[in-house]
1. Here are labelled values, (i) 21.1; (ii) 19.4; (iii) 14.8, and one is the computed mean projected area of the Cα convex hull in nm² for what I pasted. Which one?
2. Using alpha carbons only, how many degrees (0 to 90, rounded to 10) separate the axis of helix 157-171 from the longest principal axis of the chain?
3. What list do you get for 230, 169 if you sort them by fewest beta carbons within 10 Å?
4. In deg cm²/dmol, rounded to 500, what helix-only [θ] at 222 nm does the chain give when every DSSP H run of at least 4 residues adds -39500 (n - 2.57) and the total is split over its residues?
5. In a GNM of the chain with a 10 Å cut-off on Cα contacts, which of 78, 144, 117 has the highest mean-square fluctuation?
6. Note down the nm distance, to one decimal, between modelled labels 7 Å out along Cα→Cβ at residue 251 and at residue 218.
7. What whole-number distance in Å separates the alpha-carbon centres of region 36-59 and region 189-215?
8. Which residue fluctuates most in the GNM of the chain (Cα springs below 10 Å): 83, 209, 254?
């Protein structure tokens, strides 16, 4: 496919897109022309196949193919109402996959919407990863501060490990750190927080921040007093979670945050290569 044709098609597809509440969409009547279908009846058959593909993928068809009616001009001062369909990016991708591959526009659209759909998925993955990484860094910082505070108050490294473990015991409904790791199939030598969902990491961090604050404010000394404080704070945070029907020990583990970070970077590089290919 010639570069000029690709440039023109890319421009046409992007100019026909609409956006509402952060959701990008196309109207089926516009997409019909973009994909080289002169008759609505023929294009409607492709849409039906795409809807069936959507259903088979266990997606809600109405989320991606909602029917609408709109007014169009048929003369200088005359309008009439016609049927149309709002299409998400995913719906456009399915339509392209079910279209006539002999059409130049369809061949282009198959690559274009596949890449656009993957871009959106990567954006969502990047946002989720960023949130988890941010929560993880905050937990590391607060636990480092706790370690420093209790060392100044006569507690050694082993004591810090016991305090943190008893905090986990309180937060996770009586399960020890080792039991949680085994329940979630987390390697023994890996930090548990690398596999926890963001909400749990944030809960651990908040409990630790409160402990740090109160250890300093009340000048708590020794392992026993600081342990009692940390257990209380983790129990309090657990209750907040339970009040919102969140049970930390029942939440499934997330993908290893370090592995996820590497995979997202790898996928982004691959997407960049695929995006360049479409322009060649």
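No value in this document is a laboratory result; all are computed from the given coordinates. Bear in mind that the values here come from a model prediction, so they are computed numbers and not experimental data. Here Cβ is always computed from backbone atoms with ideal geometry, including for glycine, and neighbour counts include all displayed protein chains.
1. Checking each listed value against the structure points to (i).
2. 60
3. Values: 230 28, 169 18.
The fewest-first ordering by Cβ neighbours comes to 169, 230.
4. -22000 deg cm²/dmol
5. 78
6. 2.6
7. So the two Cα centres are separated by 48 Å.
8. 83
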